[in-house]
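K.L.:
Starting off with a structure, shown below.
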Amino acid sequence: MGADNRAGDRQADLSETFPIVATESIEQERRRLRSGTLPEELLKPGRDAVLRSGDRCLTREDLRFEAGMVAGGLREAGIGAGDRVALYAASSLDWVIAYLGAQRAGACVVLMNPDYHAAEASHILSDSEPAAAIADRERAEIVKTLGVRVIPLEDLPRAAEPAMPSLTPESPAAILYTSGTTGRPKGALLDHGNFLAQGRGAIEVWRWTSHDILVHALPLFHLHGLGMGLHGTLLSGASATLVPFTPPAVVAELTRDDAERGSMFFGVPAMYQRLCDWLDEHPTDLSHVRVFVCGSAPLPPALFERCSRLLGQAPVERYGITEGGIVVTNPYDGPRQAGRVGFPFPGVEVELGELDEVLLKGGQVFKGYWRNPQATAEAFTPDGFFKTGDIGEIGEDGTLAIRGRLKELIITGGFNVYPREVELVLETHPAVQEVAVAGVPSDKWGEEVTAFVVPSQAAPLVESEIISFAHERLASYKCPKRVVVMDKLPRNAMGKVLRSQLK
Ligand code: AMP
């Protein structure tokens, strides 16, 4: 594959931006990042991590002790290495203890979105066949009716700490179900090495140290909140404060006047949108915050500018996918570009394949879907790159930009339209606060380019004006035929627009 298709190639010296050890080959680097296992590395003694939530606070020693006892209890209940155990509960410190206990027991944790209804939970539990599901009170009934053994989160079994399980970096650590914005969720099986490479990579690129305090408002069942937020905190010996996401709660943690003041925040664009709306009304100096990281969905350039102004600094946009890891980021030290996701993490290769599909290789990249060899075979190129399904563009400076998803491609009158390209244009119209473009079935066009717009307060929204605005900037086949006004866009828990629902 030509150099033009490889992200990072044209960057003058990657080591100036990311601390890559110059003598390591990429394979050695991946081995280093993947080495060890989660229970050993997350609970390593001698680091001072503290996790807080409300009035409760757990030190590293508390976490080690609790996880050890829960692992003992799970072992007595017959659950250990080689078993799967589902975790179906709202985020809390008890969720963290249950998760670490299951990891300490050597089990593979099936992560579940607590918002799942019975039908969604049923798909995941029947697909993953866990030995038991740790569920909180609200969800235990659903698990019971599905015939799966329940372990109550509020009453976790505890017994003497067992010996460390014998695991390797290749042992299964967790199954994360894909967000299912298209089709049924598939179980991505991540091993211990995948998570360790993920957490260590995040520490290196964002210069995470034991002095940091992460304000953690992301769901714990997703790679963003778990692999980056929780694991990164424990691996770096930093601290984290878990808060349910609301702008005042996040700002309160970032502006405390004591030693527990947050220094980092990770969010998805929809969170930054709400944060900016709140900051507009309640201007607050946040320029002291060490870093704001944004990802899991595209950060519109207008929101990037708004964040830069209201947060007092540009957010660091990063890109990733459950199966491949969060593996591309704007530089911590260098310029952060709106609309671009930056350079690969250490040990990661990014290339463009057919139709400019983003391809990934690295220690973070999974080996396959749970019990789905066909989907696994389709997910990789013959030379072992994971096919993300995202469309990329690599710029002159070697940075990657995401142009949309292959599956969201609209075919209208025989022409291909990438919705994101149209959204990027419409987002610059003053009457548009948010927009999603999708192809609505049409007898005439096959699919009709349609813009679903949440109007801004700044200017009145006139449908014909939006359409002519697009015609001044895009080839006519790409322009929306219709504009539908919405109060808000349908999104999943990670803030991704559910285009199938729009149609
Ligand atoms: P998930 O597996 O739930 O993390 O979703 C991964 C998908 O989110 C990717 O395949 C992208 O389509 C999208 N995504 C994540 N980060 C970004 C980003 N910074 N810009 C654009 N899309 C993103």
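The values are calculated or read from the model by the stated rules, or taken from the named source; none is laboratory data. The model shown is predicted, which means the values in this text are computed figures rather than measured ones. Cβ coordinates were reconstructed from backbone atoms using ideal geometry, including for glycine residues, and neighbour counts include every protein chain displayed. What goes into the accessible areas is simple: the full protein's heavy atoms, side chains included, and nothing from ligands, DNA or RNA. Shrake-Rupley method; radii C 1.70, N 1.55, O 1.52, S 1.80 Å.
K.L.:
In degrees from 0 to 90, rounded to the nearest 10, what is the angle of the helix 118-128 Cα long axis to the longest principal axis of the chain?
P.N.:
60
K.L.:
Greater than 29 Å separation of Cα atoms is the criterion. Which listed pairs, Lys144/Lys387; Lys144/Lys503; Lys407/Lys488, meet it?
P.N.:
Lys144/Lys387; Lys144/Lys503
K.L.:
Taking each pair of distinct Cα atoms in the chain once, what is the resulting Kirkwood hydrodynamic radius in Å?
P.N.:
Working: mean 1/r = 0.0425 Å⁻¹.
After inverting the pairwise mean of 1/r, the radius is 23.5 Å.
K.L.:
With the contact rule set at Cα under 8 Å and sequence spacing of 6 or more, what percent relative contact order holds for segment 237-376?
P.N.:
RCO, segment 237-376: 15 percent.
K.L.:
What is segment 391-455's relative contact order, in percent, from Cα pairs under 8 angstrom and six or more apart in sequence?
P.N.:
25
K.L.:
Ignoring ligands and nucleic acids, what accessible area does Leu360 show with a 1.4 Å probe (Å², nearest 10)?
P.N.:
Solvent-accessible area, nearest 10 Å²: 0 Å².
K.L.:
Roughly how much of Lys407 is accessible, in Å² to the nearest 10, using a 1.4 Å probe?
P.N.:
140
K.L.:
Round to the nearest 10 and give me the degree value, 0 to 90, for the angle of helix 192-205's Cα axis relative to the longest principal axis of the chain.
P.N.:
It works out to around 60 degrees.
K.L.:
With r defined as the distance between the Cβ atoms of Arg149 and Phe65 and R0 fixed at 25 Å, what FRET efficiency is calculated, to the nearest 0.05? Walk me through the intermediate numbers first.
P.N.:
Details: r = 26 Å, r/R0 = 1.03.
The computed FRET efficiency comes out at 0.45.
K.L.:
In degrees, nearest 10, range 0 to 90: what is the angle between the Cα axis of helix 93-104 and the longest Cα principal axis of the chain?
P.N.:
Between helix and principal axis, roughly 70 degrees.
K.L.:
Just to be sure I understand the model, the point goes 7 Å from the Cα along the line to the Cβ. What's the resulting Ala249 to Ala81 distance in nm?
P.N.:
3.8
K.L.:
So how exposed is Glu349, as accessible area in Å² (1.4 Å probe, rounded to 10)?
P.N.:
30
K.L.:
Please compute the contact order of the chain in relative form: average sequence separation of alpha-carbon pairs under 8 Å and at least six residues apart, divided by the residue count, as a percent.
P.N.:
Taking the mean separation of contacting Cα pairs over the length of the chain, I get 13 percent.
K.L.:
Still on this structure, I have one more. Based on the alpha-carbon set only, what is the convex hull volume of segment 266-422 divided per residue, in Å³?
P.N.:
Hull volume over Cα atoms, normalised by residue count, gives 141 Å³.
K.L.:
Where in segment 45-63 does the amide nitrogen come within less than 11 Å of the point 7 Å from the Cα of Glu161, taken along Cα to Cβ?
P.N.:
45-46, 61-63
K.L.:
In the chain, if the dipole is taken from +1 on Lys/Arg beta carbons and -1 on Asp/Glu beta carbons about the Cα centre, which of Leu352, Ala102, Ala451 is farthest to the positive end?
P.N.:
Farthest along the dipole direction, towards plus: Ala102.
K.L.:
Continuing with this model, one more query. Report in % the part of the accessible area of the chain that belongs to carbon and sulfur, leaving out ligands and nucleic acids; probe 1.4 Å. Walk me through the intermediate numbers first.
P.N.:
Numbers: 10210 of 19960 Å².
Solvent-exposed carbon and sulfur of the chain make up 51 percent of the total.
K.L.:
Explain nothing, just the number: dipole magnitude of segment 284-408 about its Cα centre with +1 on each Lys and Arg Cβ and -1 on each Asp and Glu Cβ, in debye rounded to the nearest 20.
P.N.:
500
K.L.:
Divide by every residue of the chain the summed helix terms, -39500 (n - 2.57) for each DSSP H run of at least 4, and state the resulting mean residue ellipticity at 222 nm, rounded to the nearest 500 deg cm²/dmol.
P.N.:
Helices in the chain give a 222 nm mean residue ellipticity of -8500 deg cm²/dmol.
K.L.:
Using the Cα centre of segment 359-418 as origin and beta-carbon charges of +1 (Lys, Arg) and -1 (Asp, Glu), tell me which of Ile391, Asn416, Trp370 is placed farthest towards the positive end of the dipole.
P.N.:
Of Ile391, Asn416, Trp370, it is Trp370.
K.L.:
If you place +1 on the Cβ of every Lys and Arg, -1 on the Cβ of every Asp and Glu, and leave all else neutral, what size is the dipole of the chain about its Cα centre, to the nearest 20 Debye?
P.N.:
660
K.L.:
Another question about this same structure. Accessible area per residue for the chain in Å², computed with a 1.4 Å probe and the full protein assembly in place, what is it? Walk me through the intermediate numbers first.
P.N.:
Details: 19960 Å² over 503 residues.
For the chain, the per-residue accessible area is 40 Å².
K.L.:
Also, quick follow-up: How big is segment 300-346 in terms of Cα radius of gyration and Dmax, in angstroms?
P.N.:
According to the Cα coordinates of segment 300-346, Rg and Dmax are 11.3, 34 Å.
K.L.:
Does a label point 7 Å from the Cα of Glu170, set along Cα-to-beta-carbon, have any residues of segment 337-378 with amide nitrogen under 15 Å, and which are they?
P.N.:
Correct set: 366-368.
K.L.:
Measuring from the lowest to the highest alpha carbon on each principal axis, how far does segment 127-170 reach, largest first, in angstroms?
P.N.:
Projected onto the principal axes, the Cα atoms of segment 127-170 cover 34, 27, 13 Å.
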